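Shown next, in structure tokens, is the structure this report addresses.
The values are calculated or read from the model by the stated rules, or taken from the named source; none is laboratory data. The shown structure was predicted, so the numbers you read here are calculated from the model rather than taken from an experiment. Side chains included, ligands, DNA and RNA excluded: accessible areas come from the protein's heavy atoms. Shrake-Rupley method; radii C 1.70, N 1.55, O 1.52, S 1.80 Å.
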Amino acid sequence: MLQWDVGVAPRAKRLRKEMTMPENMLWKCLKGSPSGIKFRRQHPSGPYIADFYCHQARLIVEVDGIAHDLGDNPARDAKRDAWFTERNIEVIRVKAADILKDSMNIGQSIIDYAKDKIAKEK
């Protein structure tokens, strides 16, 4: 389990209550341990908060809205992804617009990917 920095947990709790529509749509697909794969939402991890985290697969799923393409956000995302990669945690990014179009298919693809990743690590 990833540990988090002091002060991050209250922010994560707040973010769980304020999830975006694409995050909520994806959460409906990932909650309840589908296929035995457990995901956590708005999971505090070091100085960061992962949109979704699967410990079994060491996988983070980030939902990227248009804001991720603006200003210094791409550089911040790259730094964040590198931090997770150093800890042997893969980050996959999904466009919010794609979730809005087909959340069920994207959710199932993430579940299948996590299952395959777990099977390969055994």
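Structural remarks
- Under the condition of being under 21 Å from Ile37 (Cα atoms) and of a type in the set (Lys, Arg), the residues counted in region 73-122 number 6.
- Hits in region 78-122 - residues which are farther than 17 Å from Ile49 by Cα, aliphatic (A, V, I, L, M) and open to solvent by 50 Å² or more (accessible area, probe 1.4 Å): Ala97, Leu100, Met104, Ala119
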